[in-house]
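The values are calculated or read from the model by the stated rules, or taken from the named source; none is laboratory data. Because the structure is predicted, anything quoted here is derived from the model rather than measured. Positions of Cβ are backbone-derived with ideal geometry, glycine not excepted, and every protein chain shown enters the neighbour counts. SASA here: full protein model, heavy atoms, side chains in, ligands and nucleic acids out. Shrake-Rupley method; radii C 1.70, N 1.55, O 1.52, S 1.80 Å.
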Amino acid sequence: MAIFKGKDEEKGTDSSLDRSDISQFAATQEAPKGPWTQRFVDSFRRDPNATVIKSSQATAGGGFDHAAAAERTANTGLAKKLKSRHMQMIAIGGSIGTGLFVTSGAALSGGGPASLIIAYGIIGILMFCTVQALGELAVQFPVAGSFSAYSTRFLDPAWGFAMGWNYAIQWLVVLPLEIVAASVTLQYWPGAQNTNSAAWVTIFLVVIIAINFFGVKGYGEAEFVFAIIKIVAIIGFILLGIILNCGGGPNGEYIGGRYWYPNSVEASYAGYTQFGQAPGSITSGAFNHGFKGLCSVFVTAAFSFAGTELVGLAAAEADNPRKSLPTAIKQVFWRILIFYMVSLTLVSLLVPYGDARLLGENSEDAKSSPFVIAINNAGISGLPSVFNVVILIAVLSVGNSSIYGSSRTLAALAEQNQAPRILAYIDRQGRPLVAIIFASILGLLCYVVAGGQHTATTALNWLYSLSGLSSIFTWGSICLAHIRYRSAWKKQGHSLDEIAFKSQCGVIGSWVGLTLNCLVLIAQFWTAVWPVGYATKSATQIAQDFFLAYLAAPVVLAFYIPYKLYYRTLFMKARNMDVDTGRRILDVNALAEADRAEKAQLPQWKRIYKIFC
């Protein structure tokens, strides 16, 4: 196990350093000084002090070299520069984007307000259990690749290979998807409608790529600013929504829960008349399309929560994951409760599901944002434009995360010999340079907008289908990996007292998360095979709709089955799992005692606060 003694434990910092820490320190100390141009060029070269782990004889796992894969993912040259504030903002608001602000409108339209709240609530519970399990694994093993590495180590190398590529593809297609969404968002303003969309996507693509070329610190600082803007905007909307619902808007009309009752809408707001909808013409009610409408909302909710797990991927580049990651993980609960459940509850009270604007011209149309529609309905001028600026920033934020997530996953796959080795190239600044370039090139798919509205809509629908269901497989694998890890930890003679951060949900929470993931997959399969209104559709339309809704599943199988058959990998047994390589904490008891002493000095209110945040 590549572990070295490090910093002062009593100060609560990491008690160990891995080889990548040592190599980065050595490179910093030995780097020759010269002109800034030369230093800039040299920063893109491979770290000469980086260690290369040679393949060893394959262990009990079929034709896969577990020992070498674990060593490589634990000892990459990735820069560890993410501070606690970066990790917290990535966890709280890092992935809030079109899923919440825009596509939640399609979910409201398809399932009704009750289905919206129920589906997002179930996915929220699933997400909380998953992130807790991920937090325990990531604090214990802050290795490159995170999710795919855990699946490889604790489940099956073939499944780890499939999950790694599933996650990488998810983010690779999200980049052009979000860039196009940003260009569509601009169409809200008449002045931007006369500009070629290709010009806007070029600007957005260059900005996102430039941020990622500043390394993990650039990504962290950008997400810190983006997340603060999104958080302030959502809190502001919540306060505004409460006021509007209680009759404090310009029209002075109390709304209450009228849109939850069937056919009781009086469309008298300025927003409705402005968009040409006659009073009384809008359908309302708690549910739309019954139970099938509820099931159809799950995939949209999953897309909205996608990216929450990025905080676990970022653990490999955190300067002190033992301190920053538990705090970030705990704050995911408040993100789910406040930013999703509270804001969407207000949306469901302010916008009836029958509002035609919720459908929009396409799934990324900012005009179809239920948040913007709610403000328009109140007759407030100017504020919808402000909120559209927030949506634009949120879209760019998710695009920024897409390069980060895909490049780190591709580099980790390459470290495990599950992707071309060139993708594992880490430069002297700790950037997976080739993987970033590869992800950036895939971003050129955003130029489909230049092919006309029909071409763009078709391409975007297929890209969305690739990313929509991928997260369910990732989250289910995290929960199962945590269950298997706990089993191996116990069988190999370890106790829970040796774990630096334990999931607040425990193994039971992981079973709940895994079960909910499976149920969502079943529900989505049902609605994909027999969609709403399938009786009026042709066989060709039903087949196309199925693959649009369930494309991620055959993609996962296409990666898993050939790899399984070719390498004949075995499902990992608890006694053969490696629970040592990559652990950065040695004396957990001493660290726990130091933490208890530190908390004892805090006032009572702060001790209570630390339990939840």
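Here are the numbers for this structure:
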| quantity | calculated |
| --- | --- |
| Subset tally (residues that are open to solvent by less than 20 Å² (accessible area, probe 1.4 Å) and part of a helix (DSSP H, G or I)) for the range 377-398 | 10 |
| Residues (more than 24 Å from the chain's Cα centre (by Cα) and in a helix (DSSP H, G or I)) located in the range 188-201 | P190, G191, A192, Q193, S197, A198, A199, W200 |
| Long-range neighbours under 6 Å by Cβ, at least six apart or interchain, first residue of a type outside the set (G, A, S) within the range 534-550, second at pLDDT 85 or above and open to solvent by 90 Å² or more (accessible area, probe 1.4 Å) | none |
| Residue in the range 206-220 that is assigned to a helix (DSSP H, G or I), closer than 27 Å to V448 by Cβ and without any contact (Cβ under 8 Å) to a residue 24 or more places away in the chain present | yes |
| Conditions (1) under 27 Å from the mean Cα position of the chain (by Cα); (2) modelled with pLDDT of 90 or more: number failed by D545 | (2) |
| Any hit, the range 167-174, residues being surrounded by fewer than 24 Cβ atoms within 10 Å (Cβ to Cβ) and among the aromatic types (F, W, Y) | no |
| Among residues of the range 509-530, those that are surrounded by 20 or more Cβ atoms within 10 Å (Cβ to Cβ) and over 22 Å from the mean Cα position of the chain (by Cα), counted | 2 |
| Any hit, the range 316-324, residues being touching a Ser or Thr at 6+ places or on another chain (Cβ under 8 Å), within 21 Å of Y120 (Cα to Cα), in contact (Cβ under 8 Å) with a residue 12 or more places away in the chain and not in a strand (DSSP E or B) | no |
| Number of the condition not met by D319 [criteria: (1) farther than 18 Å from K83 by Cβ; (2) open to solvent by 10 Å² or more (accessible area, probe 1.4 Å)] | (1) |
| Pair list, Cβ < 8 Å and 6+ apart or interchain, from the range 512-528 residues that are touching a residue at least 40 places away in the same chain (Cβ under 8 Å) and within 17 Å of S296 (Cβ to Cβ) to residues that are of a type in the set (A, V, I, L, M, F, W, C) and not in a helix (DSSP H, G or I) | L521/L469; Q524/L469 |
| Residue match in the range 178-187 (condition: more than 30 Å from Y563 (Cα to Cα), part of a loop (DSSP other than H, G, I, E, B), in contact (Cβ under 8 Å) with a residue 60 or more places away in the chain and open to solvent by 10 Å² or more (accessible area, probe 1.4 Å)) | yes |
| Filter result for the condition that a residue is small (G, A, S), touching a residue at least 12 places away in the same chain (Cβ under 8 Å) and open to solvent by 10 Å² or more (accessible area, probe 1.4 Å), over G110, G145, G105 | G110 |
| Selection status of V139, under 30 Å from A106 (Cα atoms) and in a helix (DSSP H, G or I) | no |
| Single condition R484 does not satisfy, out of (1) within 30 Å of G290 (Cα to Cα); (2) in contact (Cβ under 8 Å) with a residue 40 or more places away in the chain | (1) |
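The rows are residues; the columns are (1) modelled with pLDDT of 90 or more; (2) open to solvent by less than 70 Å² (accessible area, probe 1.4 Å); (3) in a helix (DSSP H, G or I).
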{"position": "F224", "(1), (2), (3)": "yes, yes, yes"}
{"position": "P250", "(1), (2), (3)": "no, no, no"}
{"position": "V265", "(1), (2), (3)": "no, yes, no"}
{"position": "T273", "(1), (2), (3)": "no, no, yes"}
